[in-house]
Amino acid sequence: MKTTLFDKVWDSHVVSKITNGPEVLFIDRHLIHEVTSPVAFLGLKNRGIKVLYPERTFATADHNTPTINQHLPVLDALSANQLKVLEENSNEHGILYWGLGHEKNGIVHVVGPEYGITQPGATIVCGDSHTSTHGAFGAIAFGIGTSEVEMVLSTQCVMQPKPKKMRITINGTLSKAVTPKDVALYIISKLSTAGATGYFVEYSGEVFLNMSMEGRMTVCNLSIEMGARGGIIAPDNKTFEYIKDREFTPKGDKWEKAMNYWKTLKTDSNAVFDKEISFEGSDITPMITYGTNPGMGMGISNEIPKVEDQKSASKSYFKSLDYMNYDEGESMIGKKIDFVFLGSCTNGRIEDFRDFAKIIKGRKKADNVTAWLVPGSHKVEKAIKAEGILDTLEDSGFQLREPGCSACLAMNDDKIPKGKYAVSTSNRNFEGRQGPGSRTILASPLVAAAAAVTGMITDPRTLF
Amino acid sequence: MAYDKFRILKSSCVPLPIENIDTDQIIPARFLKAIERKGFGDNLFRDWKYNLDNTPKKDFVLNNPLYKGEILVGGKNFGSGSSREHAAWSVYDYGFRCVISSFFADIFRANCLNVGVLPVQVSEDFLNVIFENIYNNPSIEILIDLPNQLVSIPELKLSESFDINDYKKNNMLNGYDDIDYLINMKKSITDFANTTPL
């Protein structure tokens, strides 16, 4: 039978199927962080059981960590306690732990691929919805709740109904200043935040083939923002080159054996998807969001849609625009902004800092802008320094912070104040996501850089 | 974590006719710092319920004594966004045992079922009928009959069926959780793991 890439990976991990119920899916690799794991460990303790396969779980601290003075004690008592509890739980159960200050520390979805924990054909879960990132390598990766974290710790399995399959194909070439982030925001604006709920999405076509691994991670990362369980891209030579010789990837004969298997991981021609959607690469322009969910996005030079263009839900639509203090029909170009956030598991990788640097080089940070530039990991931070990007940033009046999730979800002190506008390379523009009352405009690192040097929403194509 | 069994629930409702309610609204990230499952009910819809100085926002439905009960009725695409189970905990801990909507985000739906909150998906039309009737009569009761998979407004003799798989239904009816089930099949899991090297 002709099968999809998703079927191949999923079906090879099914331990059993429950009649009229979910499937028991074996999980190869489990990533944990300080926020969604403590109650799961507590559950194990209450049941009097240990972690079944500690070598399959990897811990990093990221959601709650400060992005300055990481060498000093964490001031927020609750955050400090969560970090301490993650360390204690990891030590007690023999789980590899990359805590604050560790040279391999960083955002869970950045360090997983960096150290080769993420591999093609694997099942990967984490108590974080952006686990979909790892699908860029041809893995099945998705976010889970804390009850499921407890299931994986105790039995290395989750129970999930098998999702339906969708394929999104984009052929053609991308125009100037159009990045993987724009591709993802474009798809979400077409499908809405619920358009792929119930589906696992395979991305295919020339646009994804030609994309870097970093770019593929950005696209898969944002799959959850259209409601999908996850996104997946067939592994190719680019994938294999990226993971080769990383700490946790197989070596020698094992590498050859793994490669033989990984090369089979693609959708058969004529395999059937539950839903197929196609777009043209040349139709995509630099994107920006104007509302309070990632589906409320548009080409940066367009106008905020008027309500007659909206199918329904005008009440929720206007609630959103009221929150942003924007009007339908307005252009976003020239609107003043207050903060710029470059970072997160969506756009906190080296390629994103290279893009940002391209625009700001030879220009100065606008005086009205506070910029938080947060690398996704220490490895990214080192590359920023090694490639001379740090010098470019500092010459233009920017500073680099230390790695972590930071202002993406504002659990630490990196909070955008009430009423202020932030152009963010992160993944969610929900009300208050970046701090109570904050207003988020999602965009690519190029659009963020253009805003950072002009102090307003600016089309990056005018700055090249 | 154990939860109370769910069979039949008859209750008045709290209406929240807003679409795309995300889990950051249900519980903002700054309230996720606990290491135990305690106190989440107090922070349900925190930033819609309170101003930054902690004074209540009078126009928010949870601050309106007219609307109360164990059923929360939300607009389409309820629970999108973050996978935080804290959102489902806060719904349960506040006192809701059921959320009705015309569409749920996947992870939130799974989390609800794992913590003992029944997500009931109804048609867009029926959802609108429910909202209308709650606004006409805030004390009107909705009946959730899990064994028969029916949601109804008894006073108006209106009802609709809802989907839930047999396995999860049995869990909710008995207060079971998935971990007990998985621990019970440990032998097949370890056998499987032996064939799947790291």
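Here are the numbers for this structure:
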read-out: Failed criterion for A:VAL453 (all others in (1) open to solvent by 20 Å² or more (accessible area, probe 1.4 Å); (2) touching a helix residue (DSSP H, G or I) at 6+ places or on another chain (Cβ under 8 Å); (3) closer than 30 Å to B:ASP47 by Cβ hold); value: (3)
read-out: Only one of A:PHE208, A:PHE273 that is of a type outside the set (Lys, Arg), farther than 21 Å from A:ILE117 by Cβ and in contact (Cβ under 8 Å) with a residue 60 or more places away in the chain; value: A:PHE273
read-out: Subset tally (residues that are surrounded by fewer than 17 Cβ atoms within 10 Å (Cβ to Cβ), of a type outside the set (D, E, K, R) and either more than 14 Å from chain A (Cβ to nearest Cβ) or assigned to a helix (DSSP H, G or I) (or both)) for the range B:41-54; value: 1
read-out: Close pairs (6 angstrom Cβ cut-off, 6 or more residues apart or separate chains): aliphatic (A, V, I, L, M) in the range A:7-29, in a loop (DSSP other than H, G, I, E, B) and surrounded by 18 or more Cβ atoms within 10 Å (Cβ to Cβ) anywhere; value: A:VAL9/A:GLY121; A:LEU25/A:HIS13; A:ILE27/A:GLN156
read-out: Subset tally (residues that are more than 10 Å from chain A (Cβ to nearest Cβ) and farther than 12 Å from B:VAL61 by Cβ) for the range B:1-21; value: 10
read-out: Cross-chain or 6+ apart pairs with Cβ under 7 Å, the range B:134-150 first and on the phi > 0 side of the Ramachandran plot, then open to solvent by less than 40 Å² (accessible area, probe 1.4 Å); value: B:GLN149/B:PHE162; B:GLN149/B:ILE164
read-out: Per-region count, the range A:393-404, residues out of contact with any Pro (no Cβ under 9 Å at 6 or more places or on another chain), open to solvent by 10 Å² or more (accessible area, probe 1.4 Å) and either touching a residue at least 60 places away in the same chain (Cβ under 8 Å) or of a type in the set (A, V, I, L, M) (or both); value: 0
read-out: Selection from the range A:149-182 of residues that are within 20 Å of the chain's Cα centre (by Cα) and closer than 18 Å to B:PHE108 by Cα; value: A:VAL149
read-out: Evaluation of A:GLU88 against (1) assigned to a helix (DSSP H, G or I); (2) within 13 Å of chain B (Cβ to nearest Cβ); (3) under 27 Å from A:THR133 (Cα atoms) (one fails), failing number; value: (3)
read-out: Hits in the range B:181-198 - residues which are outside any loop (DSSP other than H, G, I, E, B), closer than 22 Å to A:GLY43 by Cβ, of a type outside the set (S, T, N, Q) and facing chain A (nearest Cβ under 9 Å); value: B:TYR181, B:LEU182, B:ILE183, B:LYS186, B:ILE189, B:ALA193
read-out: Test: A:PHE356 is crowded, with 24+ Cβ neighbours inside 10 Å, modelled with pLDDT of 95 or more and part of a helix (DSSP H, G or I); value: yes
read-out: Residue satisfying condition, being open to solvent by 10 Å² or more (accessible area, probe 1.4 Å), more than 14 Å from chain B (Cβ to nearest Cβ) and farther than 21 Å from B:ALA193 by Cα, within set A:PRO163, A:PRO180; value: A:PRO180
read-out: Subset of the range B:135-165 (residues that are open to solvent by 80 Å² or more (accessible area, probe 1.4 Å), among the acidic types (Asp, Glu) and either within 14 Å of chain A (Cβ to nearest Cβ) or touching a strand residue (DSSP E or B) at 6+ places or on another chain (Cβ under 6 Å) (or both)); value: B:ASP163
read-out: All positions within the range A:311-353 that are open to solvent by 60 Å² or more (accessible area, probe 1.4 Å) and closer than 28 Å to B:GLY75 by Cα; value: A:LYS311, A:SER312, A:LYS315, A:PHE318, A:LYS319, A:ASP322, A:ASN325, A:ASP327, A:GLU328
read-out: Output for the range A:425-462, where each listed residue is within 14 Å of another protein chain (Cβ to nearest Cβ), touching a Phe, Trp or Tyr at 6+ places or on another chain (Cβ under 8 Å) and within 21 Å of A:ASN302 (Cα to Cα); value: A:ARG439, A:THR440
read-out: Residue match in the range B:119-128 (condition: in contact (Cβ under 8 Å) with a residue 60 or more places away in the chain and hydrophobic (A, V, I, L, M, F, W, C)); value: no
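Okay, residues lined up against (1) open to solvent by 50 Å² or more (accessible area, probe 1.4 Å); (2) small (Gly, Ala, Ser); (3) not assigned by TED's automatic domain parsing to the domain that holds A:PRO120:
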| position | (1), (2), (3) |
| --- | --- |
| A:ASP28 | no, no, no |
| A:LEU42 | yes, no, no |
| A:PRO54 | no, no, no |
| A:PHE58 | no, no, no |
| A:SER90 | no, yes, no |
| A:TYR97 | no, no, no |
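Yes or no, residue by residue, for (1) within 11 Å of chain A (Cβ to nearest Cβ); (2) at pLDDT 95 or above; (3) buried (at least 22 other Cβ atoms within 10 Å of the Cβ); (4) on the phi < 0 side of the Ramachandran plot:
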| residue | (1), (2), (3), (4) |
| --- | --- |
| B:PRO56 | no, yes, no, yes |
| B:VAL61 | no, yes, no, yes |
| B:LYS68 | no, yes, no, yes |
| B:LEU72 | no, yes, yes, yes |
| B:ASP106 | yes, yes, yes, yes |
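The values are calculated or read from the model by the stated rules, or taken from the named source; none is laboratory data. Quantities reported herein were computed from a predicted structural model and do not represent experimental measurements. Every residue, glycine as well, gets a Cβ built from its backbone with ideal geometry; the counts of neighbours run over all protein chains shown. The area values use the complete protein model at the heavy-atom level, side chains included, leaving out ligands, DNA and RNA. Shrake-Rupley method; radii C 1.70, N 1.55, O 1.52, S 1.80 Å.
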